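Please treat every number below as a calculation from the coordinates, not as lab data. As the structure is a computational prediction, the values presented were derived from the model and not from experiment. So basically every Cβ, Gly included, is an ideal-geometry build from the backbone, and we count neighbours across all protein chains shown.
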Amino acid sequence: MATKKKPLPTGAGVLASTHPLPDYGAAPAQSREERIEWYRLMYLTRKFEERSYQSYQTGLIGGFCHLYNGQEAVAAGTFAAVTDADPVITAYRDHAHGLMRGIQPGPAFAELYGRATGVVKGKGGSMHYFNVEKQMWGGHGIVGGQTALGLGLAFATKYLGEKKVCFCYMGDGAVNQGTFHESLNLAQLMQIPVIYVIENNMYSMGTAVERHSAPVELYKRALGYDMLGVRAEAQDFDIVRQVSWTLAERARKENMPAILELMTYRYRGHSMSDPQLYRSKDEVEEYRKHDPIEILREKILAEGIINEKDLDSLEEKVRKEVVAAHDWALASPFPAQSEIYTDIYA
Amino acid sequence: MAKIAYRDAVRDAMAEEMTRDSRVFLIGEEVAQYNGAYKCSKGLLDKFGPDRIIDSPISEAGFAGLCIGAAMYGLRPIAEFMTFSFSFVAFDQIVNNAAQIRYMSGGQIKIPMVFRGNSGGGHQIGATHSHAPENIYATFPGLKVVVPAFAADAKGLLKSAIRDDNPVLVIENEALYGRESEVPEGEYLTPIGKANILQDGVDLTIVTHGRSCWTVLEANQELLKMGIRAEIIDLRSIKPLDWPTVFASVRKTHRLVCVDETKPFCGVSSQVAAEVSRACFDHLDAPVLRVTSVEAPMPFSSALEDECIPNVARIIEAVKEVVA
Ligand SMILES: Cc1ncc(C[n+]2csc(CCOP(=O)(O)OP(=O)(O)O)c2C)c(N)n1
Ligand SMILES: [Mg+2]
């Protein structure tokens, strides 16, 4: 089944917006350490996902497992525009959001393996990473459901006078849920500091965007609510960080919500048992040439903030950490039967 | 009789009814080009084309309501939920519109349509994706609810549901899609509201439905070895429920164990136990026992999940207790 040719990144950054973008200047410069740390987190996420893929193939993981390969700059670039005090919430493709908000790879693997040492004690699995300590509010399995929750988190921060912004992540397919539209209207009407980050990876399961959404430019959904909508490329960490910074500043200073549609691509199938007949191998290969991790790697090397040798050894360390985390998780016990009945009521 | 997989029985039912009646169409997420997330509509797009096999965006409330409106106007839609867990996004459409409009319009309107999709736990897909909602929907007068356990009924009940002039929920089960069982040759319908006796027995009655039928049959192997001959009833239809068959069996065996995957509180088994204790009070020689899902959300871990839905061990334990 042929689908329309997918737009490839051009390096243009912001591609379009419903209204002129406000000018809050450039995002604050990152320190050398910060930049390397974001690279490390993206690399860690990729290695974590690759290991998860293997673990799924060998039967260590049951149920769904939605991998983030190809989309790493979305979570990293947006997170890097705010602090760990700003709430974030996402859907089920949540490993990156968890790992980049303080969940350690050991408990992250342990959750996939259903162990007692998992991030949520083996109760939630792949789709339900939570780390409230670092304002990571899930991990949600019902498409679109989190869009109203993100609104509520942002509402609460405003109510409490905290001057924060909530990034609420969702897939392109989720724009078709009614809850999202109700949330958009509420956000604009009540001036709630929530940014809806649409991770447009071109597909909702096997359905290409042009087959699931009447307007294929998803940021335009904001128009119906007189909201600011922005579309940007998202394979380059710095592009994502800059546009996220602008919208976050606006949200903080003016309590204004926005839609941020980030154009990205998922390399793997939707979940694990997806024959991917809806796209060609060539299409995937084309996109792999615009790999977010490669792009940032080349940049930080060119900037001279780290040399090849040190970067190699950093990567080597991450790979070892992932193996160790996997081993640790596998050696962890399963939860006791009594855990079935805990955590139901507060 | 030929053996076919449950998912193929579902597909055959839809294909036969769509051939028979041009007003029947199918809409749902990934039902057309992807052939169904669980391949229940395999080949139907090729056979019937995109006007009748329709891929929907992820808009459960929207496409459920579309079907209800189209049914009001005289079409006979089939709405597929990728799983019934997602039907809760469309809950208002189903319980306020599909269930009530006929009554509220003083009988002017009928809503001849089907909501179908899988349900149930056991696949490590967590609390939000593992609901067995037949008891919930069965509480709304105006809705019919059927839960086929075998390929023959997956086909026969779905065909009846498509021909029914009321909204019928056909609640399938993911675990059963790949299981093969015998299906009669040629045209047939399984009547809605008629239970099926899977095994005659004398020592006790086991009332079950859906996936639990398979678990009960597995437990039955053990029971037979223990010299216990249970009468096993597959309800097939939850609303309406075949009370005469259930009562007649309990009056014969004097003992009852109910097994089903809904929750223990206000579940299908609670309803059966309540009705039996009234209708068969003088015939009961033991308290009615229930083996159901447990009073907890569905945990992800396989180590916990297996305990949360009816399993062989819990069934045998309950049977031993009522026949003791
Ligand atoms: C209400 C609801 N309907 C259907 C599903 C099944 N489902 C899970 S993910 C998905 C596709 C979502 O695609 P998108 O929003 O683009 O996110 P992506 O998977 O690409 O990250 C579907 C249909 C669900 N989880 N919830
Ligand atoms: Mg998508």
Among the lysines, select those whose C-alpha is under 25 Å from the C-alpha of A:K123, and discard any that sit fewer than 8 residues away in the same chain.
A:K47, A:K134, B:K263
Hey, got the dipole for the stretch B:2-183? About the Cα centre, +1 on K and R Cβ, -1 on D and E Cβ, debye to the nearest 20?
360 debye
Just checking the output field for A:330-340: average partner chain Cβ neighbours within 10 Å of each residue's Cβ?
3
Placing +1 on the Cβ of each Lys and Arg and -1 on the Cβ of each Asp and Glu in the protein assembly as shown, which of B:F281, B:I233, B:N35 has its Cα farthest towards the positive end of the resulting dipole?
B:F281
Helix B:6-20: angle to the longest alpha-carbon principal axis of chain B, degrees 0 to 90, nearest 10?
40 degrees
With +1 at each Lys and Arg Cβ and -1 at each Asp and Glu Cβ, the charge dipole magnitude of the protein assembly as shown around its Cα centre, to the nearest 20 debye, comes out at 720 debye
Under a 5 Å amide H to amide H cut-off, with H placed in plane at 1.01 Å, what residues pair with B:E231 once short-range neighbours are removed?
B:G201, B:V202, B:D203, B:L204, B:T205, B:I206
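Which peptide among B:181-189, A:317-325, A:92-100, B:29-37 comes first, and what is the full order, when sorted by highest mean count of other Cβ atoms within 10 Å?
Going by the mean number of other Cβ atoms within 10 Å, highest first, we get A:92-100, B:29-37, A:317-325, B:181-189.
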With a/c under 1.5 counting as rounded, go ahead and sort the stretch A:226-300 into rounded, prolate or oblate using the C-alpha gyration tensor (a ≥ b ≥ c being the square roots of the eigenvalues; past the cut-off, prolate if a/b is larger than b/c, else oblate).
oblate
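Ignore the peptide's own chain and count Cβ atoms of other chains within 10 Å of each Cβ in A:253-260; give me the average, rounded. Intermediate results must be reported in sequence, preceding the final value.
Values: counts 0, 0, 0, 0, 0, 0, 0, 0.
Mean number of neighbouring Cβ atoms from other chains: 0.
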One would report the Cα pair-distance distribution of the stretch B:193-324, bin width 10 Å, in %, as 13, 48, 32, 7, 0
Could you sort the peptides A:148-161, A:226-239 by per-residue average Cβ neighbour count (10 Å cutoff), highest mean leading?
A:226-239, A:148-161
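Is there a simple number for the mean count of other chain Cβ atoms within 10 Å of the Cβ of residues in A:199-206, and what is it? Provide the component values of the computation, followed by the final result.
Values: counts 0, 0, 0, 0, 0, 4, 6, 8.
Going residue by residue through A:199-206 and averaging, the value is 2.
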Normalise the Debye intensity by I(0) for the protein assembly as shown, one equal point scatterer per Cα, no solvent, then take log10 at q = 0.05, 0.07 Å⁻¹ and round to two decimals.
-0.26, -0.50
Within chain B, helix-based [θ] at 222 nm, where runs of 4 or more DSSP H residues each add -39,500 (n - 2.57), nearest 500
-10000 deg cm²/dmol
Of the listed pairs B:K47/B:K155; B:K39/B:K144; B:K225/B:K252; A:K6/A:K320; A:K281/B:K47; A:K281/B:K3, which have alpha-carbon separations greater than 30 Å here?
A:K6/A:K320; A:K281/B:K3
Put +1 on the Cβ of each Lys and Arg and -1 on the Cβ of each Asp and Glu in the protein assembly as shown; which of B:L45, B:P310, A:P9 then has its Cα farthest toward the positive end of the dipole?
B:L45
For the stretch B:2-183, what are Rg and Dmax over the alpha carbons, in angstrom?
15.0, 46
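If each DSSP helix of 4+ residues adds -39,500 (n - 2.57) and the sum is divided by the residues in chain A, what number results at 222 nm, nearest 500 deg cm²/dmol? Provide the component values of the computation, followed by the final result.
On the way: 11 runs with 140 residues, N = 346.
The helix-only estimate for chain A comes to -13000 deg cm²/dmol at 222 nm.
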Could you check the spin-label model distance between B:D282 and B:Y103? Points 7 Å from the Cα along Cα→Cβ, value in nm.
3.4 nm
Under the rule a/c < 1.5 gives rounded, and otherwise a/b versus b/c splits prolate from oblate, where does the stretch A:101-228 land using the Cα gyration tensor?
oblate
In the protein assembly as shown, if the dipole is taken from +1 on Lys/Arg beta carbons and -1 on Asp/Glu beta carbons about the Cα centre, which of A:Y225, B:S119, B:S293 is farthest to the positive end?
A:Y225
In what order do B:M14, B:M226, B:M72 fall by count of nearby beta-carbon atoms within 10 Å, going from fewest to most?
B:M226, B:M72, B:M14
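Where the only charges are on Cβ atoms (+1 Lys, Arg; -1 Asp, Glu), what is the dipole of chain A about its Cα centre, to the nearest 20 debye? It would help to have the intermediate numbers written out before the result.
On the way: 38 positive and 43 negative charges, 83 e Å.
Charge dipole, chain A, about its Cα centre: 400 debye, nearest 20.
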Give the shape of chain A as rounded, prolate or oblate, defined through the alpha-carbon gyration tensor: a ≥ b ≥ c are the square roots of its eigenvalues, a/c under 1.5 means rounded, and otherwise the shape is prolate if a/b is larger than b/c and oblate if not.
rounded
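Which FRET efficiency value, to the nearest 0.05, is calculated for B:K110 and A:V323 with the Förster distance at 56 angstrom and r the Cβ-Cβ distance?
0.35
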Quick calc: nm separation of the 7 Å Cα→Cβ label points for B:R251 and A:D343 -> 5.0 nm
